[in-house]
Ligand SMILES: O=C(O)CCC(=O)C(=O)O
Ligand SMILES: [Fe+2]
């Protein structure tokens with residue numbers, strides 16, 4: 001019936017936002033409602049200055065051997081591509097991308113001869129914007145739940161992976177799967193896409209998929225934020241669907257619990273109405289389980305791993 005395309009995610013305006021103002025309070029309420037109901041929203045934040053094609057095409061056009069040089073100690077952060085299930089999809093990630101020197105090291109690996117200062121600058125600038133939005137949203141989540149005293153600890157509990165995605169256009173009349181439906185297991189993800197869209201978010205209850213807007217920042221909670229807030233925040237399924245000839249590019253900032261940090265819902269999050277959902281877990285150990293034994297499309301991977309009931 002085409003009703004899917006008419007559904008929209010909540011859109012929240014973060015432009016010119018200052019703490020301790022009436023606008024901050026109102027935006028905070030919108031964030032609380034959107035994350036409880038959808039686990040995600042579209043953010044108006046800054047005027048995107050970049051065409052992702054301009055920034056990312058040169059990266060994905062590098063020879064496969066070069067892209068494969070981007071290895072990492074976890075499956076999730078290096079080069080991913082050439083998979084039979086999602087042949088349109090490729091991605092490259094930079095672990096701890098906001099630690100000084102790491103974007104440069106990535107660029108050095110990819111363009112060893114003369115580097116690529118323009119790429120470096122664009123990625124740094126986009127990443128810093130996404131980081132700022134990430135901090136605002138996480139501050140609001142804690143304020144909404146009356147646990148702001150944990151803010152420093154919470155912000156300090158994650159590292160940041162910046163990941164670049166490319167999805168080829170299927171170049172047929174069909175709509176094809178770009179990325180399989182999944183829930184992000186990390187804490188918070190912010191994606192930026194330009195005018196080639198394709199990211200779809202699943203409604204909390206039901207099978208409907210909500211399309212996302214062109215030139216948008218999409219903020220979504222992962223399982224680890226759901227666990228930490230003891231279920232107050234929803235972690236949504238999402239997928240990428242591709243049509244037409246044009247390739248789609250996206251950039252994501254993934255806040256990821258640090259190795260050795262134990263994800264535990266603060267005691268204030270647990271009461272009679274909200275019994276503890278998950279036992280404390282080490283994210284990196286959970287990921288090993290997730291990429292090893294568990295089916296990645298299981299909505300219950302974390303529950304199977306450390307659910308209380
Ligand atoms: O490219 C996108 O917009 C989605 C990527 C995604 O969901 C992921 O990498 O977890
Ligand atoms: Fe995802």
Give me the angle, in degrees from 0 to 90, between the Cα long axis of helix 117-144 and the longest principal axis of the Cα atoms of the chain, rounded to the nearest 10. 10
Show me the ranking of peptides 256-266, 227-237, 16-26 by mean Cβ neighbours inside 10 Å, starting with the highest. 227-237, 256-266, 16-26
Work out, step by step, the length gained on full extension between residue 105 and residue 11: first 0.36 nm times the residue separation, then minus their alpha carbon distance; give nm to one decimal. 30.3 nm
So what's the angle, to the nearest 10 degrees on a 0 to 90 scale, between helix 283-292 and the longest Cα principal axis of the chain? 60
Of segment 106-123, those with amide N under 14 Å from the point 7 Å along the Cα→Cβ vector of residue 54 are 118-123
Using only the C-alpha atoms of the chain, find the volume of their convex hull and express it per residue in Å³. 140
Calculate the all-directions average of the projected area of segment 128-231's alpha-carbon convex hull, and give it in nm². 7.9
On Cα atoms only, tilt of 22-37 relative to the major axis of the chain in degrees: 80
Provide the gained length on full extension for the span residue 282 to residue 125, in nm with one decimal, where the gain is 0.36 nm per separating residue minus the Cα-Cα distance. 53.4 nm
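A short reminder: the numbers here are calculations on the coordinates, not readings from a lab. In this text the structure is predicted, and so the values were computed from the model without any measurement. Heads up, the Cβs are rebuilt from the backbone with ideal geometry, glycines too, and the neighbour counts pull from every protein chain shown.
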